[in-house]
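One structure below.
The values are calculated or read from the model by the stated rules, or taken from the named source; none is laboratory data. This one's a predicted model, so the numbers in the text were calculated from it and none came from an experiment. Quick reminder, even Gly has a Cβ in these numbers, built from the backbone with ideal geometry, and neighbours come from all protein chains shown. With ligands, DNA and RNA removed, areas are computed over all heavy atoms of the protein, side chains included. Shrake-Rupley method; radii C 1.70, N 1.55, O 1.52, S 1.80 Å.
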Amino acid sequence: MNVFEAISKRREITQFLGKSIPSEILERVLNAAFLAPSGNNLPSREFILVTDREILKHLAKTTPYMPWLANAAAGIVITGCPNVSKYWIQDASIASGFIWLSAVELGLGAAFGAVFHAEDHIESNSREIHVKKTLEIPEDRRVLAIMGLGYPEKQPASKELIPKDEIIHYHKFNGEHNN
């Protein structure tokens, strides 16, 4: 599969088969996260692989929007290091995309569970404390998200997208609609 095929096939998968993921496949996904670029090549993001069913069930309670994590075969917690780089959010976000696309290439489904909440610091703190306590994450780290992984129970249909000319602009905002 090439990257454009993985991008077009990517869907948020929240229903998984009860099938474990071989460690070699999980290591390939983790390697994709490791290889994701970061500003100035600084180690501004770190990853925690979780396959323990009880821990996944507990992490599923991080927000009301992640019950699907309880049935995932694995979760990858994506943390950031603000003390290392002010671009930790961007770096961790890019790594999230690499995780998702590599999962698609390897036949897995993935879902993104946002933990960090940029607009509600109280909510973000509550979510992050839940994950940090569970996984013994140091206080100087932030928790961006948890990616749930598993073999898809079913492949959702394509979503109807907003027309590209409403999203992509050329030369200036609201400029010409073609190049």
A correct Karplus calculation of ³J(HN,Hα) over region 156-171, with 6.51 cos²θ - 1.76 cosθ + 1.60, θ = phi - 60°, whole Hz and x for Gly and Pro, returns x, 5, 4, 7, 6, 8, 5, x, 4, 5, 8, 10, 9, 10, 10, 6
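Quick one, could you list the DSSP H helices from the chain stretching 24 Å or more along their long axis (Cα atoms) with average Kyte-Doolittle hydropathy of -1.0 or above? Present the calculation step by step, with values, prior to reporting the outcome.
Working: long enough: 88-105 (26 Å, 0.81).
Flagged H segments are 88-105.
Rank-order 154-164, 112-122 by packing density, defined as the average count of other C-beta atoms within 10 Å over each peptide's residues, highest first. Write down the numbers at each step before the final one.
Working: 154-164: 8.5, 112-122: 14.5.
The peptides rank, most packed first, as 112-122, 154-164.
Hey, can you rank 81-90, 142-151 by average C-beta count inside 10 Å, highest first?
On the way: 81-90: 16.6, 142-151: 24.4.
Put in order of decreasing packing, that is 142-151, 81-90.
I want the local charge near Asn31. Using Cβ-Cβ distances under 13 Å, sum +1 for each Lys or Arg and -1 for each Asp or Glu among the other residues.
Working: positive: Arg28; negative: Glu24, Glu27, Glu105.
Neighbour charge sum, excluding Asn31 itself: -2.
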Percentage relative contact order, region 38-179, counting C-alpha pairs under 8 Å, at least six apart: 26 percent
Compare Leu30, Leu69 by solvent-accessible area with a 1.4 Å probe and give them largest first, with all protein chains kept in place. Leu30, Leu69
Which residue, Tyr170, Val104, Phe4, has the largest displacement toward the positive end of the dipole of the chain when charges sit on each Cβ (Lys, Arg +1; Asp, Glu -1)? Val104
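Tally up the carbon and sulfur contribution to the accessible surface of the chain as a whole percent, 1.4 Å probe, everything protein left in place.
Details: 5730 of 10760 Å².
About 53 percent, which is the carbon plus sulfur part of the accessible surface.
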Which lysines, if any, have their Cα less than 18 Å from the Cα of Lys133, not counting same-chain residues under 8 positions apart? Lys57, Lys61
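Where does region 1-63 land on Rg/Rh, using Cα atoms and the Kirkwood Rh?
Values: Rg = 14.7 Å, Rh = 14.7 Å.
A ratio of 1.00.
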